[in-house]
Amino acid sequence: MKHPNPILPETGFVRLPQVLAVIPISRSSWWAGIKDGKYPRGVKLAPHTRAWTAEEIRGLIQRLQIGAADE
């Protein structure tokens, strides 16, 4: 379920559904981007739980916007 106005917290961790709400790509594209080094790896919190800092995701959004502007 996607939030109508996705908002990242100022600080703290965000899980994949929150990330994909602000970066509109598929889960498989996200994981492929991590493998390719395009997206941050995040932090493993538990065996099947990974999260990213809000700061990492904000930085990624800025880099993606700059890259889109360069094209």
Is it the case that some residue within the range 14-24 is part of a strand (DSSP E or B) and either modelled with pLDDT under 95 or in contact with a strand residue (DSSP E or B) (Cβ under 9 Å, 6 or more places away or on another chain) (or both)? yes
Here the residues within the range 35-71 that are polar (S, T, N, Q) and crowded, with 16+ Cβ neighbours inside 10 Å are 53
Residue pairs qualifying under the 9 Å Cβ cut-off, at least six apart or on distinct chains, with the first in the range 11-34 being under 15 Å from residue 50 (Cβ atoms) and surrounded by fewer than 13 Cβ atoms within 10 Å (Cβ to Cβ) and the second being at pLDDT below 95 and not hydrophobic (A, V, I, L, M, F, W, C), are 17/2; 17/3
Those residues of the range 45-71 which are out of contact with any Phe, Trp or Tyr (no Cβ under 7 Å at 6 or more places or on another chain) and of a type in the set (Val, Ile, Thr) amount to 49, 57, 61, 66
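Each row is one residue, and each column tells you yes or no for (1) at pLDDT 95 or above; (2) farther than 14 Å from residue 17 by Cα; (3) more than 10 Å from the chain's Cα centre (by Cα); (4) in a helix (DSSP H, G or I).
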| position | (1), (2), (3), (4) |
| --- | --- |
| 35 | yes, yes, yes, yes |
| 44 | yes, yes, yes, no |
| 50 | yes, no, yes, no |
| 60 | yes, yes, no, yes |
| 65 | no, yes, yes, yes |
| 69 | no, yes, yes, yes |
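The values are calculated or read from the model by the stated rules, or taken from the named source; none is laboratory data. Here the structure is a predicted model, which means the values were calculated and not measured. All Cβ positions, glycine included, derive from the backbone under ideal geometry; neighbour counts span all protein chains shown.
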